[in-house]
Each structure stands twice: as structure tokens, then as C-alpha cells.
Ligand code: SF4
Ligand code: SF4
């Protein structure tokens, strides 16, 4: 499974990553930071990482699906 990591020290809680995820993987958590509430649906497309203006989100693609 792909893993989405949020670096809270850099995240400014803008919600851009949540808005751009085409699979509805991300949601704003109770603390205001994005969280991967639906991680199984992540395709590893990298849009969230690409759109984050603060480099605060990183997608680690599952090695088993990396080339698919
Ligand atoms: S990599 Fe793509 S599918 Fe996965 S959380 Fe980011 S935008 Fe959503
Ligand atoms: S786009 Fe980046 S800064 Fe904005 S909420 Fe997502 S991780 Fe945080």
C-alpha cells in the first residue's frame, strides 16, 4: 500500500492537498492537518505532493506497485 506522510512542522493547513486528491484519500483531521483517512484508495499519483506549496506531504509508493 502507498503511504502518505504529512510533515506537520511544515504544513500550514491550507487544504490544497485534500482538494486536489482525485481519489478522496485525504481529509482534514480534528487537529486541522490533512490525514490519509482512505489510504487504501491512494494510487500514488503524487498530485498532493506536487500541489503542496510547502513540501509538507510526501507519497511513498508501494514498491510492489511502483512500475504498474
Ligand atoms: S498520491 Fe494521489 S491518490 Fe494518493 S493521496 Fe496523493 S493525490 Fe491522493
Ligand atoms: S497542501 Fe501542504 S501545506 Fe496545505 S494542507 Fe496539504 S500538506 Fe499542508
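The values are calculated or read from the model by the stated rules, or taken from the named source; none is laboratory data. A quick note: this is a predicted structure, and the numbers were derived from the prediction, not measured. Here the Cβ positions follow ideal geometry from the backbone for every residue, glycine too, while neighbour counts run over all protein chains shown.
Odds and ends about this structure:
- Segment 19-40, residues that are in contact with a strand residue (DSSP E or B) (Cβ under 8 Å, 6 or more places away or on another chain) and without any contact (Cβ under 8 Å) to a residue 24 or more places away in the chain: 25, 26, 27, 28, 29, 37, 38
- Residue within segment 5-19 that is more than 8 Å from ligand 2 (Cβ to nearest atom), at pLDDT 95 or above and surrounded by 14 or more Cβ atoms within 10 Å (Cβ to Cβ) present: no
- Subset of segment 48-58 [surrounded by fewer than 16 Cβ atoms within 10 Å (Cβ to Cβ) and either farther than 12 Å from residue 18 by Cα or more than 9 Å from ligand 2 (Cβ to nearest atom) (or both)]: 50, 53, 54, 55, 58
- Lone unmet requirement of (1) free of Cβ contacts under 8 Å to residues at least 24 places away in the same chain; (2) over 10 Å from the mean Cα position of the chain (by Cα); (3) surrounded by 11 or more Cβ atoms within 10 Å (Cβ to Cβ) for residue 43: (1)
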